[in-house]
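Q: The structure under discussion is supplied below as structure tokens; questions concerning it will follow.
The values are calculated or read from the model by the stated rules, or taken from the named source; none is laboratory data. No experiment lies behind these values; they were computed from the predicted model shown. Cβ sites come from the backbone with ideal geometry, for glycine too, and all protein chains shown count toward neighbours. In case anyone asks, the SASA skips ligands and DNA or RNA and just uses the protein heavy atoms, side chains included. Shrake-Rupley method; radii C 1.70, N 1.55, O 1.52, S 1.80 Å.
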Amino acid sequence: MHAPNSAGQNSAGRQEDHGRLVICPTPIGNLRDITLRTLDALANCDYVCAEDTRVTAKLLNAYNISKPLIRMDENTIKRKASRVIADIQAGKQVCYCSDAGMPGVSDPGIALLALAYEQHVSVCVLPGASASITAFVASASSFSNFYFVGFPPRKKSAFREFLNSLANLPAAIIFYESPHRLIATLELLAEVFPQRQLCVLRELTKVHEEVYRDSSSHVLEHFSLQHEQGGIRGELVIVLDGARHEVSQEEAKRSRDDARTYLEQLAHEGMSMRDACKMAVQQCNMSKNTIYDIALGVYGKA
């Protein structure tokens, strides 16, 4: 079923002899998280452009909407966009849907939207589900503002440099990340910001939704264990708390130096590396992985 047309059609509905591009946000997991205006736009358009036609087809089928679908992913959107704009100029109503959430946010649809503005065609951007906004609220960040990163740099050196550039930013920082890269990303975040509050949100709005919030080192420990026990699945959003008083790189170095000094003292007293690591995790408030890495250097020299 879909929303019926209303008398006095709103800006997302059919306009006589007036072409329009309608940007349609889609659910980020739960199909019920779609607005009546989006359903109305999809039901009244001439065709739907989709990042993945298979994903959008499932959504349309769930609401008994039948429309032609044109695939417009990151590899094809620039090539096909001019044809879509020509159709709109000829009076057609065209909807664009990303796989999930708001089109244009870490999504190829931004290219179609930009060309629409460039060619002065009518555009309507509908409000709706967004993983970044949902995650920001769910993280209960103490900051009222945020900085959206999207997907971070893939190379570790580039990502580290990027994090350093954000070290003093007084705002929550929101990342998207893939399951197979999560541990590497958390390791770097725990290294650069060992005491920062961090929230990882997995499978938002879905049956197995998980929100885990703690210091970055403890979040790394939690998901490392999950990875070892069977892997990490699902869509992921990371919300890192912003800077407060200290520069994060200095904070990271000071924490590691303090942990090393403590481990050296325990080693000098004859305590085994295993027992020393257990005490250091509690005393220094750092992850087991980080303490073990420092201990290897200490006991290797002992």
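Each row is one residue, and each column tells you yes or no for (1) out of contact with any Gly (no Cβ under 7 Å at 6 or more places or on another chain); (2) of a type in the set (Asp, Glu); (3) more than 27 Å from LYS155 (Cβ to Cβ).
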site: VAL207; (1), (2), (3): yes, no, yes
site: SER216; (1), (2), (3): yes, no, no
site: SER224; (1), (2), (3): yes, no, no
site: GLN229; (1), (2), (3): yes, no, yes
site: GLY234; (1), (2), (3): yes, no, no
site: LEU263; (1), (2), (3): yes, no, yes
site: GLU269; (1), (2), (3): yes, yes, yes
site: ALA276; (1), (2), (3): yes, no, yes
site: SER287; (1), (2), (3): yes, no, no
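Q: If you go through the stretch 18-33 one residue at a time, how many are of a type outside the set (D, E, K, R), open to solvent by 50 Å² or more (accessible area, probe 1.4 Å) and under 23 Å from GLU235 (Cβ atoms)?
A: Residues meeting the conditions: 2.
Q: Just one of (1) in contact with a Lys or Arg (Cβ under 7 Å, 6 or more places away or on another chain); (2) open to solvent by 60 Å² or more (accessible area, probe 1.4 Å) trips up TYR292, so point out which.
A: (1)
Q: A follow-up question, please. Only one of ARG244, ARG254, ARG213, ARG233 is open to solvent by 60 Å² or more (accessible area, probe 1.4 Å), more than 30 Å from THR134 (Cβ to Cβ) and of a type in the set (Lys, Arg). Can you tell me which?
A: ARG254
Q: Here's a follow-up. Kindly provide the set of residues from the stretch 59-94 that are at pLDDT 95 or above, open to solvent by less than 50 Å² (accessible area, probe 1.4 Å) and outside any helix (DSSP H, G or I), ordered by number.
A: Scanning the stretch 59-94 gives TYR63, ILE65, GLY91, GLN93, VAL94.
Q: Run CYS97 past the list (1) open to solvent by 10 Å² or more (accessible area, probe 1.4 Å); (2) under 18 Å from the mean Cα position of the chain (by Cα) and report the number of the one that doesn't hold.
A: (1)
Q: I've got another one for you. Filter the stretch 103-124 down to the residues that are open to solvent by 70 Å² or more (accessible area, probe 1.4 Å) and part of a helix (DSSP H, G or I), then identify the one that is nearest to GLN93 (Cα to Cα).
A: TYR117
Q: Also: Would you pick out the residues in the stretch 125-153 that are open to solvent by 30 Å² or more (accessible area, probe 1.4 Å), within 30 Å of ARG83 (Cβ to Cβ) and not in a loop (DSSP other than H, G, I, E, B)?
A: VAL125
Q: Mind listing whichever residues of the stretch 195-208 are without any contact (Cβ under 8 Å) to a residue 60 or more places away in the chain and part of a loop (DSSP other than H, G, I, E, B)?
A: Once the filter is applied, which keeps residues that are without any contact (Cβ under 8 Å) to a residue 60 or more places away in the chain and part of a loop (DSSP other than H, G, I, E, B), the stretch 195-208 yields ARG196, VAL207, HIS208.
Q: Please determine whether any residue of the stretch 34-43 is open to solvent by 10 Å² or more (accessible area, probe 1.4 Å), under 30 Å from HIS208 (Cβ atoms), part of a loop (DSSP other than H, G, I, E, B) and at pLDDT 95 or above.
A: Yes.
Q: Hey, ARG260 hits all of (1) modelled with pLDDT of 90 or more; (2) open to solvent by 20 Å² or more (accessible area, probe 1.4 Å); (3) closer than 26 Å to HIS227 by Cβ but one; which does it fall short on?
A: (3)
Q: What pairs come out if I take residues in the stretch 173-194 that are within 16 Å of ALA135 (Cβ to Cβ) and pair them with residues that are part of a helix (DSSP H, G or I) and of a type in the set (Gly, Ala, Ser) whose C-beta lies under 8 Å away, six or more apart or interchain?
A: Listed by first residue and then by second, the contacts come to ILE174/SER132; ILE174/ALA135; TYR176/ALA131; TYR176/SER132; LEU186/SER216; LEU186/SER224; LEU189/SER216.
Q: Separate question: So which of ALA295, ALA276, ALA267, ALA252 ends up being closer than 23 Å to PHE193 by Cα, at pLDDT 85 or above and in a helix (DSSP H, G or I)?
A: ALA295
Q: Against the definition (at pLDDT 90 or above, open to solvent by less than 10 Å² (accessible area, probe 1.4 Å) and at negative phi), how does LEU204 come out, yes or no?
A: Taking the combined requirement at face value, the residue does not satisfy it.
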